[in-house]
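Down below is the structure, laid out as structure tokens.
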Amino acid sequence: MKRLLIIVVVLAGAAGAGAFLAPHFAPKLVPYLTAFSEGHAAREAEDDKVSAAAPPPAVSVVKAAQADFTELVVVSGSLVPRDEILVAPEVEGFRVLELMVDEGDRVKKGAVLATLVQESLDAQLAQNEASVARAEATISQKRSQIAEMTAKVAEAAANFERAKPLKNSGYVSGITYDQREAAAKTTAAQLQAAEDGLKLAEAEKKQVEAQRRELNWRLTNTKVTAPSDGLVSRRTARIGGMASGAGEPMFRIVARGEVELDAEVIETELGKIAAGQKARVDVAGVGVDGLVRLVSPEVDKLTRLGRVRIFLGTDPRLRIGAFGRGTVSSAKSHGLGVPSSAVIFDTSGTFVQVVRDGRVARRDVDTGLIAGGLVEIRSGLNEGDVVVARSGTFLRDGDAVRTVLPDSKISEAN
């Protein structure tokens, strides 16, 4: 409250002093104030003249024109075989005797890639042939026994049949009758045993023959052959090494020599790619045309990348494992186009700034594909409309401008 009273007293004193001094100094200040006012008015008049004489600012413009649009999706990845064949030995436990091909060689189906040592198989095959001969001899022996026993059975049966009426007449004793009966049964049993022995000998022969077929198969497979035409991409077999199907394959073959790009694509672009679309891939400075063969149905949950297989054919310049970068033509269209710098995207919508009668006006548009620095305009513009090449907030609706076309000097837009 005390501070407020002091402020009021000071203001009152100042007002009183001003009222007392005004009659003494006012006549002396009037000439100075008049001169200042007239000078200020003159300067404002000159500024107005300069403003009226200054031309409007010049802006670069382009005309909306027809153009072809190709939407491209960028992909990158490594070259891989379309189909890879792993060649392993059909028989194990044999050492590699000879290698017929090296990495980079092209082979035909059935071509010999490597030869394995086969001496042990030759010995087993000779032993098997001896077993077959022994089985055949046993079969011959059994057949002879059967023929002999067949005759004995017939003789014993005949003697037994003759003894039956003689026993009833009393001419043959009971002991003789029993002996003949026993002989008939014994020879019949011996015949049956001979026939069973023949069956056993024939079964043994079949078993030995099956073993021989297996040995022949193993002997044939000591020559490792190519299951299909292709390109040898890797050879791990070494002369003197043990052939085994459990570890690394002896050879890796690119089937038919066909190569693909195993490419990665961000998930937001993956939906634009479909099988059959054309692609252009650059591999170490080599440009190759390709086709999308496969689009993976999965997206990696960590990297958020999808995978695409692009078939590149059999170009000998392509190397498995090389890095490749390319583009996929995901869509094409034809329509009006303007530079991407002429289009403004903001929360209020998408628009361009057109120039008509020397004045700037906003024009809302619907856009389509973006390619080659151009944006497709599907609605909102007509062919030949003059559009500000670099739109921005420095121009507003109604601003007067002078237009500069790319291929001419300053001109007026009509």
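Quick check on my filter: what residues within the range 322-352 are farther than 30 Å from Val259 by Cα, in contact (Cβ under 8 Å) with a residue 60 or more places away in the chain and surrounded by fewer than 14 Cβ atoms within 10 Å (Cβ to Cβ)?
Filtering the range 322-352 for residues farther than 30 Å from Val259 by Cα gives 333-352.
Next, from what is left, pick out any that are in contact (Cβ under 8 Å) with a residue 60 or more places away in the chain: 333-339, 342.
Hit for the range 322-352 is His334, nothing else.
From the list Phe94, Phe20, the one residue that fits, being surrounded by 14 or more Cβ atoms within 10 Å (Cβ to Cβ), more than 30 Å from the chain's Cα centre (by Cα), at pLDDT below 80 and not aliphatic (A, V, I, L, M), is Phe94.
Looking only at the range 231-250, which residues are part of a strand (DSSP E or B) and either assigned by TED's automatic domain parsing to the domain that holds Thr303 or of a type in the set (Ser, Thr, Tyr) (or both)?
Within the range 231-250, the first condition is being part of a strand (DSSP E or B), and the residues that meet it are 231-235, 242-243.
Listed by number, the list holds a single entry, Ser233.
Take the conditions (1) modelled with pLDDT of 85 or more; (2) within 16 Å of Leu72 (Cβ to Cβ); (3) among the aliphatic types (A, V, I, L, M); Ala255 misses just one of them, which is (2). What's the total number of residues in the range 101-125 that are closer than 22 Å to Asn216 by Cα and not in a helix (DSSP H, G or I)? Final tally of qualifying residues: 10.
When Val375, Val355, Val343 are screened for being under 16 Å from Thr403 (Cα atoms) and among the β-branched types (Val, Ile, Thr), only Val355 passes.
Here Thr222 meets the list (1) more than 23 Å from the chain's Cα centre (by Cα); (2) surrounded by fewer than 17 Cβ atoms within 10 Å (Cβ to Cβ) almost entirely, failing just condition (2).
Sort through Val132, Val62 and tell me the only one that's surrounded by 15 or more Cβ atoms within 10 Å (Cβ to Cβ) and touching a Pro at 6+ places or on another chain (Cβ under 8 Å).
Numbers: Val132 fails: touching a Pro at 6+ places or on another chain (Cβ under 8 Å).
It is Val62.
Strands (runs of 3 or more DSSP E) fully within the range 297-388 that include at least 2 residues being farther than 30 Å from Arg82 by Cβ and of a type in the set (Lys, Arg): 359-364. The numbered conditions (1) β-branched (Val, Ile, Thr); (2) surrounded by fewer than 20 Cβ atoms within 10 Å (Cβ to Cβ); (3) touching a residue at least 60 places away in the same chain (Cβ under 8 Å) are all true for Val355 except (2).
The values are calculated or read from the model by the stated rules, or taken from the named source; none is laboratory data. Here the structure is a predicted model, which means the values were calculated and not measured. All Cβ positions, even for glycine, are placed from backbone atoms using ideal geometry, and neighbour counts span all protein chains on display.
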